[in-house]
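Peer 1: Structure incoming, see below.
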Amino acid sequence: MSDQSSGDDVTGARADADIDQAAVNALRSAVMRLGRRLKHQRVDESLSPTEMSVLGTLARCGSATPGELARKEHVQPPSMTRIVALLEAKGLVRLEPHPDDRRQKVVSQTEQAEAMLEESRRKRNAWLASLAEGLDEDEWARLRAAAPVLEKLAHL
């Protein structure tokens, strides 16, 4: 009888693993599609997604060296140097001497970048809120409950 029980556990565990894999696949697919659609809700079409991401990182984390930004954005330092130069030319970041190491620069966002990011967030939030109007109350409640979990996944 215990052999039968352990066989059921293996089958149950396998079924759970299949369900988990299906859930992971569905989550990945939905997050990717939603992310692509959100990217199209940009305020400034002249900025690349990477440039927007760098500005977002500066907004969240504060000033940083180009090397720190490269690590946070998972790009090579020479690529970040080019991105920072483009953002500086557009008036969205400023470079200042590093307080402890004069060989380095510190990148900070400008007020223009802050305003643009705020407008971008407002536009994306409005777009997402309009989509959410298509959800029933139970779906909306589940989505609100899932938001902290998705936030945690984004930062793991």
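The values are calculated or read from the model by the stated rules, or taken from the named source; none is laboratory data. Everything numeric here is computed off the predicted structure, so don't read it as measured data. With ideal geometry, Cβ positions are generated from the backbone for all residues, glycine too; neighbour counts draw on all protein chains shown.
Peer 1: Can you go through VAL24, VAL10 and tell me which one is modelled with pLDDT of 90 or more and more than 15 Å from the chain's Cα centre (by Cα)? Before the answer, list the steps.
Peer 2: On the way: VAL10 fails: modelled with pLDDT of 90 or more.
Going through VAL24, VAL10 in turn, the sole match is VAL24.
Matching residues to (1) farther than 16 Å from PRO66 by Cβ; (2) surrounded by 14 or more Cβ atoms within 10 Å (Cβ to Cβ):
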site: LEU87; (1), (2): no, yes
site: GLU96; (1), (2): no, no
site: PRO99; (1), (2): no, no
site: VAL106; (1), (2): no, yes
site: GLN109; (1), (2): no, yes
site: GLU119; (1), (2): yes, no
site: ALA126; (1), (2): yes, no
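Peer 1: List, please: which pairs have Cβ atoms under 8 Å, are six or more places apart or on different chains, and start with a residue in region 36-62 that is assigned to a loop (DSSP other than H, G, I, E, B) and end with one that is of a type in the set (Asp, Glu)?
Peer 2: Listed by first residue and then by second, the contacts come to VAL43/GLU119.
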